[in-house]
Amino acid sequence: MKQEEPLLAQPAIRLAWKKYRHLWKHAEVPARHLLLKEGDISRKAFLIEKGSIRTWFYHDGKEISFQFFFEGDVVSSPQSMRKHIPSPFSIETLEPSTIRWLDAGDMEKVRKDPVLYQFIIEQAGDKQAEFMQHFFSYLKDSPTQRYENLLRQKPEVIRRVPLQHIASYLGITQVSLSRIRNKIK
């Protein structure tokens, strides 16, 4: 990485990053680029330097978005990578993105560094907690409440993610999302 990223602000993490930086490959990818296809076995973990990524799966012929990732986030299909089983979801860029990626073999080397591996685990744990919060909101809140939660808790999603993916994430149609947005304005 060319500049110091906010995610590497802690000296111990910055040192660990420098030690393993050579393992992370660099890529510039366009918007709507599939990094992992549902059903394929994951062999990479991605660190977003610039851009955004969504995870999604097919259900009844529709794409269902269930998480969004931005600069500093790590995204992968960890169970697929660890157990060599098909990924239950796809990983796709939403914007032109600059990413670093680490293959499964090199991930084993990183796992041996307690500082960097702990950082990656904490990132994954934060995303899992975010997913659980969304899941419970999906079960107990109305679509309007889910949209208001998104506005309040993750305004970056509203600013950067196309409306069809936001609607899918909220479990509603684009028409319903339009009505909710007009009602809240």
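The values are calculated or read from the model by the stated rules, or taken from the named source; none is laboratory data. What you are looking at is a predicted structure, and each value in this text was computed from that prediction instead of being measured. We place every Cβ from the backbone using ideal geometry, glycine too, and count neighbours over all the protein chains shown. What goes into the accessible areas is simple: the full protein's heavy atoms, side chains included, and nothing from ligands, DNA or RNA. Shrake-Rupley method; radii C 1.70, N 1.55, O 1.52, S 1.80 Å.
Restricted to the range 61-164, the set of strands (runs of 3 or more DSSP E) holding at least 2 residues that are among the small types (Gly, Ala, Ser), free of Cβ contacts under 8 Å to residues at least 12 places away in the same chain and surrounded by 15 or more Cβ atoms within 10 Å (Cβ to Cβ) is empty.
Only a single criterion out of (1) out of contact with any Ser or Thr (no Cβ under 7 Å at 6 or more places or on another chain); (2) within 27 Å of residue 174 (Cα to Cα) is not satisfied by residue 116, namely (2). The residues in the range 165-185 that are open to solvent by 80 Å² or more (accessible area, probe 1.4 Å) and in contact (Cβ under 8 Å) with a residue 24 or more places away in the chain can be counted, and the count is 1. Taken over the range 165-185, the criterion of being assigned to a helix (DSSP H, G or I) and among the basic types (Lys, Arg) is satisfied by 179, 181, 183.
Looking at this structure, is residue 57 touching a Phe, Trp or Tyr at 6+ places or on another chain (Cβ under 7 Å), open to solvent by 10 Å² or more (accessible area, probe 1.4 Å) and modelled with pLDDT of 95 or more? So residue 57 passes the test.
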